[in-house]
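See below for the structure under consideration.
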Amino acid sequence: MKISLSRPEITSKDIQSVIKSLKTPYLSLGPRLVEFESKTAKYAGVKYAIAVNSGTSALHLIVRALGIKGGDEVITTPFSFIASSNSILFEGADPVFVDIDPNTLNINVDLIERRISKKTKAILAVDVFGHPAEWEALGRIVRKHGLKLIEDSCEALGSEYKGKRCGSFGDAGAFAFYPNKQITTGEGGMVVTDNSRIADLARSMRNQGRGKKSTWLNHVRLGYNYRISEINCVLGSGQIRRIDKIRAKRGKAADMYNDKLKVIEEIDLPYIAPEVKMSWFVYVIKLKKSFNRRRRDSIIKFLKSKNIGCSTYFHPIHLQPFYRKLYGFKKGMHPVTEYISERTIALPFFNNITGEEIDYIFKNLAKAIKKVKKEK
Ligand SMILES: *Cc1c(COP(=O)(O)O)cnc(C)c1O
């Protein structure tokens, strides 16, 4: 058996609609873009959606549209994919990291206020692994201190917090459509917002700073080429149309894992807060305390030798080489993030993973744990 860490689900209908789109005169900025955007806005429960070529581009446009600039600080989490805090660096502002909650793995809202300074402009929270951040408390903090709120929902399309979908909680949210995400356009991303000013700015900046009424060679502000092709949008529309099915399949995969793995006492299964409905991005287990990084890596090595794709998830952003160099960040600054990141394993996770595959992973995981416990 060979099981990859993730596997996109592209149906023959998806392929047919891509071919169809290639026979139209529109390969960019056409009707498929409009369709993908309006479907996604509707699904997320927001007024505006602006599709771009990656989740990273979406985050960058949000940071820029909010006027965040050099000298500003943005409070964010060190337990995320690098792009969430890089988007702050792109505009010359500084990320201020706040440690995470050991259960949800999202930014610990109780630690935020002590890090707010005169320079703080925004909070950028991430719905890590698809689990929503604590948006109610975050909303309270930003209102009290007059800050902006950015939602990195790149892992959480479809997740719900207190009955509301992710992407809709901040001034603006970002989705991503890389092949390992809930839906994929190959490469792609989306800005979602209820704020027409942010929407207009994002739409202009993704398209070389052209104005609403500008001709092709008229540019009213600094912009980028963050456009996404019609070919990508076709894939996105097809999948957002069947997102309920996709969510159900991924939910079933997580249930099968939970059911199998609950007997392994050396691990903690993913925590889901009671007010949350998950749209699963990845399935990440946490090893108990006695399993340090070395033992975790040894388990991963064993699983890989059995053709099971698995990975560490995430490495703390503050300990990434260029963040250390730039800010002098050191180990020990965010102990919960560091503790967790040494003990996580992402297991194979995709729409159509089978019970037999999960059984094979379970057996080998149990074997691997037994083996490393015997090692010194
Ligand atoms: C995937 C992801 C992104 C960026 O997505 P790309 O499309 O790869 O640029 C940003 N933030 C988080 C948390 C992600 O998981």
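The values are calculated or read from the model by the stated rules, or taken from the named source; none is laboratory data. From a predicted model like this one, the values you see are computed outputs, not experimental measurements. So basically every Cβ, Gly included, is an ideal-geometry build from the backbone, and we count neighbours across all protein chains shown. With ligands, DNA and RNA removed, areas are computed over all heavy atoms of the protein, side chains included. Shrake-Rupley method; radii C 1.70, N 1.55, O 1.52, S 1.80 Å.
Observations on the model:
- Checking Gln182, Gln208 one by one, the residue that is touching a His at 6+ places or on another chain (Cβ under 7 Å), in the same structural domain as Pro31 (by TED's automatic domain parsing) and crowded, with 18+ Cβ neighbours inside 10 Å is Gln208 and no other.
- Any hit, the stretch 66-76, residues being surrounded by fewer than 21 Cβ atoms within 10 Å (Cβ to Cβ), among the polar types (S, T, N, Q) and within 16 Å of the ligand (Cβ to nearest atom): no
- Listing of helices (runs of 4 or more DSSP H) fully contained in the stretch 1-91 that carry 2 or more residues being over 28 Å from Gly170 (Cβ atoms) and β-branched (Val, Ile, Thr): 12-22
- Selection count, the stretch 314-361, where residues are open to solvent by less than 40 Å² (accessible area, probe 1.4 Å) and among the aromatic types (Phe, Trp, Tyr): 5
- Pairs meeting the criteria (first residue in the stretch 104-117 and open to solvent by less than 10 Å² (accessible area, probe 1.4 Å), second residue among the small types (Gly, Ala, Ser), beta carbons under 7 Å, at least 6 apart or on different chains) are Asn106/Ala125; Asn106/Ala133; Ile107/Ala125; Ile107/Ala133.
- Residues that are in the same structural domain as Ile68 (by TED's automatic domain parsing), in contact with a Pro (Cβ under 7 Å, 6 or more places away or on another chain), part of a loop (DSSP other than H, G, I, E, B) and under 26 Å from Phe349 (Cα atoms) do occur in the stretch 163-171.
- The number of residues in the stretch 50-64 being farther than 27 Å from Ile100 by Cβ and surrounded by fewer than 24 Cβ atoms within 10 Å (Cβ to Cβ) comes to 1.
- The residue list Ala174, Ala202 contains one member that is touching a strand residue (DSSP E or B) at 6+ places or on another chain (Cβ under 8 Å) and in a helix (DSSP H, G or I), which is Ala202.
- The one condition in (1) touching a strand residue (DSSP E or B) at 6+ places or on another chain (Cβ under 8 Å); (2) in the same structural domain as Lys164 (by TED's automatic domain parsing) that Trp216 fails to fulfil: (1)
- Positions within the stretch 20-49 being open to solvent by 40 Å² or more (accessible area, probe 1.4 Å) and of a type in the set (Gly, Ala, Ser), in sequence order: Ser28, Ser38, Gly45
- Verdict on Leu105 being assigned to a loop (DSSP other than H, G, I, E, B) and within 16 Å of the ligand (Cβ to nearest atom): yes
- The stretch 125-161, subset assigned to a strand (DSSP E or B) and more than 10 Å from the ligand (Cβ to nearest atom), residue nearest to Ser341 (Cα to Cα): Ala125
- Gln239, sole failed condition from (1) crowded, with 16+ Cβ neighbours inside 10 Å; (2) not in a helix (DSSP H, G or I): (2)
- Criterion (under 24 Å from the mean Cα position of the chain (by Cα), of a type outside the set (S, T, N, Q), open to solvent by 50 Å² or more (accessible area, probe 1.4 Å) and closer than 20 Å to Ser4 by Cβ) met by exactly one of Lys245, Lys249, Lys306, Lys277: Lys249
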